[in-house]
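Okay, so here's the structure we're looking at.
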């Protein structure tokens with residue numbers, strides 16, 4: 001029986017793609033890659049992260065330091081972010097149904113909690129962070145161990161290929177949302193258990 005729904009943060013709960021693009025472009029000169037043009041955003045959303053970086057001339061080995069820089073600067077701009085339309089109502093409905101809801105993200109916890117405080121969102125029972133960009137499977141396993149959660153009690157909701165791949169790796173269901181960072185066709189290619197087009201559809205899974 002589903003008892004826990006765990007959400008990714010950026011792109012899933014928060015409309016942060018414009019900020020992510022801005023921050024990525026801000027560090028283009030420092031790391032020696034080209035900036036993202038407005039007319040290629042949708043195309044890049046159809047590519048995996050490695051292919052996206054290759055297209056933009058950013059070697060994968062530079063990614064850890066780049067992501068660290070972006071997260072640090074993110075904190076200064078978190079006040080500009082807003083939640084995805086309709087997501088507040090979904091969180092309220094899940095709470096009414098007695099589901100425990102949390103966040104597991106590769107963003108810094110301080111950034112997440114700053115956003116929640118600024119937007120007066122207090123629906124979440126916990127906030128966990130993954131240690132690296134591609135380490136969500138380990139993060140989810142840590143969460144399950146700490147909370148005593150079994151595989152048939154948890155659903156992860158995310159917006160990226162890496163979210164689905166992490167869930168598939170550890171055999172837990174994933175609901176992929178189509179309003180986030182990556183295109184639906186890319187998400188479908190990884191075979192998530194659910195494809196979600198509107199926030200309210202999350203409640204239907206219960």
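The values are calculated or read from the model by the stated rules, or taken from the named source; none is laboratory data. Bear in mind the structure is a predicted one, so any value in this text is a computation, not a measurement. Don't worry about glycine lacking a Cβ; one is built from the backbone with ideal geometry, like all the others, and counts go over all protein chains shown.
The figures follow:
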{"read-out": "Residue within the range 22-32 that is touching a residue at least 40 places away in the same chain (Cβ under 8 Å) and in contact with a strand residue (DSSP E or B) (Cβ under 6 Å, 6 or more places away or on another chain) present", "value": "no"}
{"read-out": "Positions within the range 42-61 being part of a helix (DSSP H, G or I), farther than 19 Å from residue 130 by Cα and in contact (Cβ under 8 Å) with a residue 24 or more places away in the chain, in sequence order", "value": "42"}
{"read-out": "Residue tally, condition in a loop (DSSP other than H, G, I, E, B) and closer than 30 Å to residue 149 by Cβ, over the range 1-41", "value": "10"}
{"read-out": "Residue in the range 88-103 that is outside the structural domain of residue 189 (by TED's automatic domain parsing), without any contact (Cβ under 8 Å) to a residue 40 or more places away in the chain and under 19 Å from residue 163 (Cβ atoms) present", "value": "no"}
{"read-out": "Subset of the range 147-177 (residues that are over 20 Å from residue 101 (Cβ atoms) and part of a loop (DSSP other than H, G, I, E, B))", "value": "171"}
{"read-out": "Candidate set: the range 79-89, residues that are in contact with a strand residue (DSSP E or B) (Cβ under 9 Å, 6 or more places away or on another chain) and surrounded by 14 or more Cβ atoms within 10 Å (Cβ to Cβ); chosen: the one farthest from residue 1 (Cα to Cα)", "value": "81"}
{"read-out": "Selected residue (criterion: surrounded by the most Cβ atoms within 10 Å (Cβ to Cβ)) from residues of the range 178-205 that are in contact (Cβ under 8 Å) with a residue 60 or more places away in the chain and in a loop (DSSP other than H, G, I, E, B)", "value": "182"}
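Every residue, every condition in (1) modelled with pLDDT under 95; (2) touching a helix residue (DSSP H, G or I) at 6+ places or on another chain (Cβ under 6 Å); (3) more than 26 Å from residue 173 (Cβ to Cβ), yes or no:
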residue	(1), (2), (3)
8	no, yes, no
25	no, no, yes
68	yes, no, yes
82	yes, no, yes
90	no, yes, no
